[in-house]
Amino acid sequence: MNTKSPAVEQDPWDSGDLGRSADHVGIVAEADCRAIDDSLGLHPVSIRLEKSLIANLKLIAELRNVSYQPLIRDLLNRFVDSEFKAILNEQSEQAKRRIERQGSRSEAVDEFFERERKHA
């Protein structure tokens, strides 16, 4: 019985076959950086965060095998999605309570949509 596990092929980037020396490093031109950001819809920002928060985010990123900036971007995207859902749920509940107070469903719904149309 063979107890050896089959060889797992390592990614050439991870193994270093595609280069890890200074000879393989270069500075990207500013125009190329802008083109990359534009194509991905990214905008650089500067924000002041507690050192301990950054250290914790970097640790989480390392444990998740990702870079910490994409981790932060994902975290913020998830927060925005969650907040939008919470806001929509709150507005829906408020609309339901107004409808119940007014008694007439269609009239209250029409008023709600008219107000939302004016705000849009």
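We did not get these values from a lab; they are worked out from the coordinates using the rules stated. Keep in mind that this is a model prediction, so the values were computed, not measured. Counting neighbours? That spans all protein chains shown, and the Cβs are built from the backbone with ideal geometry, glycine included.
Explain nothing, just the number: relative contact order of the chain, from Cα pairs under 8 Å at least 6 residues apart, as a whole percent. Could the numbers behind the result be given before it?
Details: 20 pairs, mean separation 9.3, N = 120.
After rounding, I find 8 percent.
Go through L53, S82, Q94 and say which Cα lies farthest out towards the positive end of the charge dipole of the chain; charges sit on Cβ, +1 for Lys and Arg, -1 for Asp and Glu.
Farthest towards the positive pole: Q94.
If the elastic network links every pair of Cα atoms under 10 Å, which of S46, S92, S21 fluctuates the most in the Gaussian network model of the chain?
Ranking S46, S92, S21 by mean-square fluctuation puts S21 first.
How much length is gained if the chain between W13 and V80 is pulled fully straight, taking 0.36 nm per residue apart and subtracting their Cα-Cα distance, in nm to one decimal? Please list the in-between numbers first.
On the way: separation 67, 0.36 × 67 = 24.12 nm, distance 3.34 nm.
Full extension from W13 to V80 adds 20.8 nm.
Could you calculate the FRET efficiency of H43 with I87 from 1/(1 + (r/R0)^6), where r is the beta carbon distance between them and R0 is 22 Å, rounded to 0.05?
For H43 and I87, the calculated efficiency is 0.40.
Taking GluC sites (Glu not before Pro) as exposed when DSSP calls them loop (any state but H, G, I, E, B) and at most 16 other Cβ atoms lie within 10 Å, what is the longest stretch of the chain free of them, the sites themselves excluded?
Longest stretch, sites excluded: 51-120.
For the chain, with a Gaussian network of springs between Cα atoms less than 10 Å apart, report the residue from R97, R78, R20 with the top mean-square fluctuation.
Result: R20 has the largest fluctuation of those listed.
To the nearest 20 Debye, how big is the dipole of the chain about its Cα centre, given +1 on the beta carbon of each Lys and Arg and -1 on that of each Asp and Glu?
Dipole of the chain, to the nearest 20 debye: 620 debye.
With a 10 Å Cβ neighbour count serving as the proxy for reagent exposure, in which order, fewest first, do K118, K96 appear?
Least crowded to most crowded, the residues run K118, K96.
In whole Hz, what ³J(HN,Hα) sequence does the range 78-83 give by Karplus (6.51, -1.76, 1.60; θ = phi - 60°), x for Gly and Pro?
Ordered by residue, 3J(HN,Hα) equals 5, 4, 4, 4, 5, 5 Hz.
Taking each pair of different alpha-carbon atoms in the chain once, compute 1/r for the pair, average those values, and report the inverse of that mean as the Kirkwood hydrodynamic radius in Å to one decimal. Before the final figure, lay out each step's value.
Details: mean 1/r = 0.0483 Å⁻¹.
Radius from the Kirkwood sum: 20.7 Å.
Hey, for a label at E100 modelled as a point 7 Å past Cα toward Cβ, could you say which residues of the range 59-94 have their backbone N under 11 Å away?
Under cut-off, by backbone N: 93-94.
Enumerate the calculated ³J(HN,Hα) couplings along the range 42-58 in order (Karplus 6.51 cos²θ - 1.76 cosθ + 1.60, θ = phi - 60°), each rounded to whole Hz, writing x wherever the residue is Gly or Pro.
Running phi through 6.51 cos²θ - 1.76 cosθ + 1.60 with θ = phi - 60° gives 9, 9, x, 10, 10, 9, 9, 10, 4, 4, 5, 5, 4, 4, 5, 5, 5 Hz.
Please rank I36, I47, I60, fewest neighbouring Cβ atoms within 10 Å first, as an exposure proxy.
I47, I36, I60
Just want the ordering: K51, K58, from fewest to most Cβ atoms lying within 10 Å of their own Cβ.
Fewest to most other Cβ atoms nearby, the residues stand as K51, K58.
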